[in-house]
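Written out below as structure tokens is the structure these notes cover.
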Amino acid sequence: MNRRHGYVSLVVFFICTAALCAGIREMLCEGRKKNQLVPIEVAGFELEIELATTPEEHMLGLMYRYTLGDNEGMLFCFPHEKHLSFWMKDTHVPLSIAFIKADGRIMQIESMKPYSLDTHVSREKVKYALEMKDGWFQEHKVTVGDRVTLPPDGKNMTGKER
């Protein structure tokens, strides 16, 4: 009887652990709260994009998402221009990234493959990076040299006064 109770307890433990892991995964993957949305304009296309301004938001980015709408994306904002580096660890959706100067000029656009540990580094110092569904820039004929217009609300995208 004692041995049977031990097996049953072990089975119940594994079932509960699997259910907990599935719940956590669901919360991370599908139920994850979106970041603050901001209006931007990319070469004439008006969008509302998620904003990533903190180190935690930068690290998480678009990881653990299984879908991304055609005009959805994330704008990574940094306090000053620097060489930026991105990878696709734990990112399920293929993305394109545009590296953007403080004045809004797009300096570089690259495609990034899901789950890849390859790094995508800006060739120049930039202040922003915009991740969109892979192919978005090409489909909308957005190229290097085009402009991204940020909201004129008196604050820069890192939350500090201009």
Subset of Lys34/Lys127; Lys89/Lys113; Lys113/Lys133; Lys89/Lys125 violating a 19 Å alpha-carbon distance limit: Lys34/Lys127; Lys89/Lys125
Sites Thr54 and His83 - FRET efficiency at Förster radius 22 Å, r taken between beta-carbons, to 0.05: 0.65
Nitroxide proxy distance, nm - points 7 Å out along Cα→Cβ at Asp70 and Phe45: 1.0 nm
In nm, spacing of pseudo-spin labels at Glu110 and His140 (7 Å Cα→C-beta vector): 2.1 nm
Residues whose placed amide H lies under 5 Å from that of Arg105, excluding near-sequence neighbours: Val148
FRET efficiency for Lys125 and His92, using Cβ-Cβ distance with R0 set to 25 Å, rounded to 0.05: 0.25
J(HN,Hα) series, segment 68-83, from Karplus relation 6.51 cos²θ - 1.76 cosθ + 1.60, nearest Hz, glycine and proline x: 8, x, 4, 10, 9, x, 9, 9, 8, 10, 10, x, 8, 5, 7, 6
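Computed from the coordinates by the stated procedures, all read-outs in this text should not be read as laboratory data. Predicted model, so just to flag it, every value in this text is computed and none were measured. Note that we place each Cβ from the backbone using ideal geometry, even for glycine, and neighbour counts take in every protein chain shown.
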